[in-house]
1. For ALA108, indicate whether it is assigned to a helix (DSSP H, G or I), under 18 Å from MET36 (Cα atoms) and free of Cβ contacts under 8 Å to residues at least 60 places away in the same chain.
2. Looking at ALA102, is it surrounded by 15 or more Cβ atoms within 10 Å (Cβ to Cβ), of a type in the set (A, V, I, L, M, F, W, C) and in a helix (DSSP H, G or I)?
3. Would you check which residues across the stretch 22-67 are in a loop (DSSP other than H, G, I, E, B) and surrounded by fewer than 16 Cβ atoms within 10 Å (Cβ to Cβ) and list them?
4. Would you pick out the residues in the stretch 168-181 that are under 17 Å from ALA203 (Cα atoms) and either of a type in the set (D, E, K, R) or not in a strand (DSSP E or B) (or both)?
5. How many residues does the stretch 205-238 hold that are farther than 24 Å from PHE253 by Cα, in contact (Cβ under 8 Å) with a residue 24 or more places away in the chain and in a helix (DSSP H, G or I)?
6. When only residues in the stretch 233-243 that are surrounded by 12 or more Cβ atoms within 10 Å (Cβ to Cβ) and not hydrophobic (A, V, I, L, M, F, W, C) count, which is modelled with the highest pLDDT?
7. Determine whether ALA202 is in a loop (DSSP other than H, G, I, E, B), modelled with pLDDT of 95 or more and among the hydrophobic types (A, V, I, L, M, F, W, C).
8. Which count do you get for residues in the stretch 244-260 that are surrounded by fewer than 16 Cβ atoms within 10 Å (Cβ to Cβ) and either of a type in the set (A, V, I, L, M, F, W, C) or in contact (Cβ under 8 Å) with a residue 24 or more places away in the chain (or both)?
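The values are calculated or read from the model by the stated rules, or taken from the named source; none is laboratory data. Small disclaimer: the values here were computed from a predicted structure and weren't measured. Cβ placement follows ideal geometry from the backbone for every residue including glycine, while neighbour counts extend to all protein chains displayed.
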Amino acid sequence: MAGVAQLEAFLAADPVVRVRLTSVKGSSPREAGTEMYVTAEALFGTIGGGRLEHIAIDAARALLASGDLAQVLDVPLGPEIGQCCGGRVEVSLQRMSEGDRAAALAEARAEAEAAPAVYILGAGHVGRALAAQLQHLPVRTVLIDQRAEELAQSTAQVETRQSAIPEIDIMTAPAGSAFVVLTHDHGLDFLLASAALERGDAAYVGLIGSDTKRAKFRSWCLKHCDGLTIEDLICPIGAGGSRDKRPAVIAAFVVADVIAALTSETAAEAPVRGNAPLIAAQ
């Protein structure tokens, strides 16, 4: 919950104005409900950037300087302000009370806890590169390995978990999770990939390897998994049309695929087991 900690530190400043898109008509950089926070010298979050955001920031700082408590802006997103979205937004500005700050933090914590989960199964070079990139995205990332020494090499601000039986981590993951399998052992890769596919509710299952490895895995599933289909398996992962095999490059392609899967309409409509929401509220 690094983002929550950063917001908590920001809201400790005094005073703070909450800037919120309360109404959106037509095209807009962000949707209704999007918020950012403004002090006299700093910003947290964004309502979409561009001229709209500059107008809102200037208005928020003018409100702080005047001592007023609230203001509502009606902003056309067209030639009038040098923006070409073509919509119209209503922006609420409100000086935050202690209660407002507590409510904002509670909402941020709830969103963080509801964020979709990405399980990286293997803390080798590519696994650590994935964790390094996913730490900046609105997902709950769990880096899992049987080897403590590999986990110790990760410096990403994500959950790390030494697990002797990572199949259990897969079985107990929330519905709609993403699983990226890239351990140090092909046999373990097959066990974990099949466990993720057998769930039937994963948003993404990826297995590191080649087309040959995919074919071997298909044969292995036919023999050991009662004909489990692997049609939903992504293998190879991180292709993207690139021949570059550096871990950071592979990770970049994989992260793009994972986030696309987690935020797709299909993922949003997938069945949910228990009370775990599939994607975080925006």
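1. Answer is no for this residue.
2. Working: surrounded by 15 or more Cβ atoms within 10 Å (Cβ to Cβ): no; of a type in the set (A, V, I, L, M, F, W, C): yes; in a helix (DSSP H, G or I): yes.
Answer is no for this residue.
3. Initially, the stretch 22-67 is screened for residues in a loop (DSSP other than H, G, I, E, B), giving 26-34, 39-42, 46-49, 67.
Matches in the stretch 22-67: GLY26, SER27, GLU31, ALA32, GLY33, ALA40, GLU41, ALA42, THR46, GLY49, GLY67.
4. ASP169, ILE170, MET171, THR172, ALA173, PRO174, ALA175, GLY176, SER177
5. Qualifying residue count for the region: 3.
6. From the stretch 233-243, those surrounded by 12 or more Cβ atoms within 10 Å (Cβ to Cβ) are 233-240, 242; that's our starting set.
Now drop any that are not not hydrophobic (A, V, I, L, M, F, W, C), which leaves 236, 238, 240, 242.
Numbers: PRO236: 93, GLY238: 86, GLY240: 70, SER242: 76.
Restricting to residues being surrounded by 12 or more Cβ atoms within 10 Å (Cβ to Cβ) and not hydrophobic (A, V, I, L, M, F, W, C), the top hit is PRO236.
7. Values: in a loop (DSSP other than H, G, I, E, B): yes; modelled with pLDDT of 95 or more: yes; among the hydrophobic types (A, V, I, L, M, F, W, C): yes.
Spelling it out, ALA202 is indeed in a loop (DSSP other than H, G, I, E, B), modelled with pLDDT of 95 or more and among the hydrophobic types (A, V, I, L, M, F, W, C).
8. Restricting attention to the stretch 244-260, the residues satisfying the condition of being surrounded by fewer than 16 Cβ atoms within 10 Å (Cβ to Cβ) are 244-246, 248, 256, 260.
Checking the rest, the ones that are also either of a type in the set (A, V, I, L, M, F, W, C) or in contact (Cβ under 8 Å) with a residue 24 or more places away in the chain (or both) come to 248, 256, 260.
So the count comes out to 3.
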